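Single-structure report; data block below.
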Amino acid sequence: MAEITKNQIVAITIEDMGTDGEGIGRYEGYTLFVKGAVPGDVIRAKVLKAKKTYGYAKIEEMLVSSPDRVTPCCPAAGRCGGCQLQQLSYQKQLAYKEQKVKNCLQRIGGLSKQALDSIMEPILGMDEPYHYRNKAQYPVGMGRDGGPVMGFYAGHSHTIIEQADCAIQEPINSVILKTVRDFMKEYQIPAYEEESGRGLVRHILTRVGYVTKEVMVCLVLHGRKFPYAEKLTERLKQAVEGFSAESAQRKEYMQKMEYGNVWETEVPLKYSLKSICLNVNMERTNVILGKEILPVYGEPYITDEIGGIKYQISPLSFYQVNPKQTVRLYEKALEYADLSGNEVVWDLYCGIGTISLFLAKQAKWVYGVEIVPQAIEDAKHNAVLNSIANAEFFAGAAETVMPEKYQESGGTMHADVIVVDPPRKGCEQSLLDTAAAMQPERIVYVSCDPATLARDVKYLGEKGYEVKKVCPVDMFPMTGHVECVVGMQRKHI
Ligand code: SAH
């Protein structure tokens, strides 16, 4: 293997893509990870960091551009940490994500290539892979001149790139950002400064309902009061309500962006400001949200709909960010759950009960478990909102609640179907042990990280569960992330 040192420049061909969407090339057996490079590029790479067998490099010079390269839509692409793949054609992004799921299930999950070829469904991609996000969390910081800067974090850092428009956000989120930014400048409201721990405004969180077009603005503060809150409310109302489908402002915005918007094709746009609240975060931490919510205007939630079911969403609750694809994801989960109406279902990591209520219509009883108490409050409320009486929710860690309830029942607690949808770190073994002990006929695993999915699938395989179906879903176009639904069946020996 070649010996590589920092600042060395080597010519390489990019052959593969890493977990964060970075290009991977080899120089005499030495592996280099190159941000922004795509498979097919031939480049001169400058080494930024050299380890023994691998290193990180940047593109020094493009020698031959990959045929799969496209011009990114966003001026901040390449600097902003939000997207990693804008420079790669969407078809290739999908192919890459499909391959990523396959590789993980093969290498970590222990499934054979032949098995995967027969059980894997093609990835569900988007027709219009831009402007899909219903939620933004803009970091706010102090600029050199003492004024606020806000936008997005650069990749792997807390440097804020000043950018309001975003190729993957529903444009109303940018409108809110600009309104708050201008207001803070006018009224000299201080941004929070990470280094000193001083100042006020830390983040601006916005959410918009896909069907309802209800808008929420949540200001994350190092403090409990936003000065001139009433004046800001008026400004935000004007800005939100003025940004309808017919507005000149929106038309101008969409023309500038030069591509379609998935939100335009649905019901006519009529936004309404439903909620302004404050989130108090006094900690010196990079965790965005604190625990306390103080209402400023309207309700402390917005409502949205997925597949005809209404959901109330609070600022602290998790809600899928790509509404167009969420329906497809849940429909896949429902298909793999294969319900006839007689089943008892457990939905673990249920958030505000989205999957639970989606399944409840076709099951006998659904139990949901979720760690964030406010999300469980939302879930209970959502059951009532939709007149669903066969769903019950418990607040707590899934790996604690399930084993405890199973123990209490003396091992008699049963499920016909168990659905899990954990965060990236996947499921605790204690949870998987209990799930398997309950002997459900089917387990549906919804995952946002194919590596931990594959690890857990392997473990469940040892407990008697066989993977029957796999379907990747592109919930996050332009980024390296991929969502996946897996249907598992109990082996009868
Ligand atoms: N199924 C939901 C939420 C999925 S996101 C939906 O589709 O909307 C994962 C959820 O798991 C989040 O709501 C998070 O708060 C929750 N969570 C994280 N760790 C948990 C744990 N140990 N036990 C239960 N829920 C957990």
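Since every read-out is calculated from the coordinates, none of them should be taken as a lab result. Here the structure is a predicted model, which means the values were calculated and not measured. Please note: Cβ atoms are built from the backbone with ideal geometry, for glycine as well, and neighbour counts cover all protein chains shown.
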The range 354-493 - percent relative contact order, Cα under 8 Å, separation 6 or more: 18
Give me the net charge of ARG235's neighbourhood, meaning all other residues with Cβ under 14 Å from the Cβ of ARG235; Lys, Arg count +1, Asp, Glu -1. 0
Run the reach check for LYS463 against aspartates and glutamates, Cα to Cα strictly under 18 Å, same-chain hits fewer than 8 apart removed. What comes back? GLU399, ASP416, GLU428, ASP433, GLU441
Taking each pair of different alpha-carbon atoms in the range 361-493 once, compute 1/r for the pair, average those values, and report the inverse of that mean as the Kirkwood hydrodynamic radius in Å to one decimal. 15.9
Principal axis lengths of the range 41-91 from Cα atoms, whole Å, largest first? 36, 25, 19
One quarter of the C-alpha convex hull surface, i.e. the mean projected area of the range 102-195 in nm², amounts to 9.2
Put +1 on the Cβ of every Lys and Arg and -1 on every Asp and Glu Cβ in the range 315-358; which of LEU348, PRO315, LEU329 then has its Cα farthest towards the positive end of the dipole? PRO315
Considering only Cα-Cα distances, which of the following residue pairs are longer than 23 Å: LYS58/LYS425; LYS425/LYS458; LYS135/LYS364; LYS97/LYS332; LYS52/LYS102? LYS58/LYS425; LYS135/LYS364; LYS52/LYS102
What list of ³J(HN,Hα) values in whole Hz, one per residue of the range 278-284 in order, does the Karplus curve 6.51 cos²θ - 1.76 cosθ + 1.60 (θ = phi - 60°) give from phi, with Gly and Pro shown as x? 10, 10, 8, 10, 8, 7, 8
Could you work out the Kirkwood radius for the range 323-379, taking every pair of different alpha carbons, averaging 1/r and inverting it, reported in Å? 11.6
With the Cα gyration tensor of the range 148-241 giving a ≥ b ≥ c as the square roots of its eigenvalues, does the rule (a/c under 1.5 for rounded; else a/b larger than b/c for prolate; else oblate) give rounded, prolate or oblate? oblate
When you count, for each residue, the other Cβ atoms within 10 Å and take the mean per peptide, how do 380-388, 127-135 rank with the highest first? 127-135, 380-388
Just from its helices, what would the mean residue ellipticity at 222 nm be for the chain, if runs of 4 or more DSSP H residues each count -39500 (n - 2.57) and the sum is divided by every residue, rounded to the nearest 500 deg cm²/dmol? -8500 deg cm²/dmol
Value of D in µm² per second that Stokes-Einstein yields for the range 262-390, Kirkwood Rh from Cα pairs, at 4 °C (1.567 mPa s): 80
Per residue, how big is the convex hull of the range 79-119 when only Cα atoms are used? Give it in Å³. 88
Per DSSP, loop GluC sites (Glu not before Pro) in the range 108-210 with at most 10 further Cβ within 10 Å: GLU195
Length-normalised contact order for the chain - Cα pairs under 8 Å, 6+ apart - percent: 12
Counting only DSSP beta bridges with both residues in the range 16-120, what percent are antiparallel, rounded to the nearest 5? 80
Taking only the alpha-carbon positions of the chain as identical scatterers, the Debye log10 I(q)/I(0) at q = 0.10, 0.13 Å⁻¹ comes out as -0.85, -1.34
Can you check what the net charge comes to around HIS158, using other residues whose Cβ is under 12 Å from the Cβ of HIS158 (Lys, Arg +1; Asp, Glu -1)? -2
Expressed as a whole number of Å, what is the distance separating the alpha-carbon centroids of the range 48-80 and the range 420-493? 33
Could you list the square roots of 5 times each eigenvalue of the Cα gyration tensor of the range 1-118, that is, the equivalent ellipsoid semi-axes, sorted largest first and rounded to whole Å? 25, 20, 12
Dimensionless Rg ratio for the range 288-328, taking C-alpha atoms and the 2.2 N^0.38 Å reference: 1.36
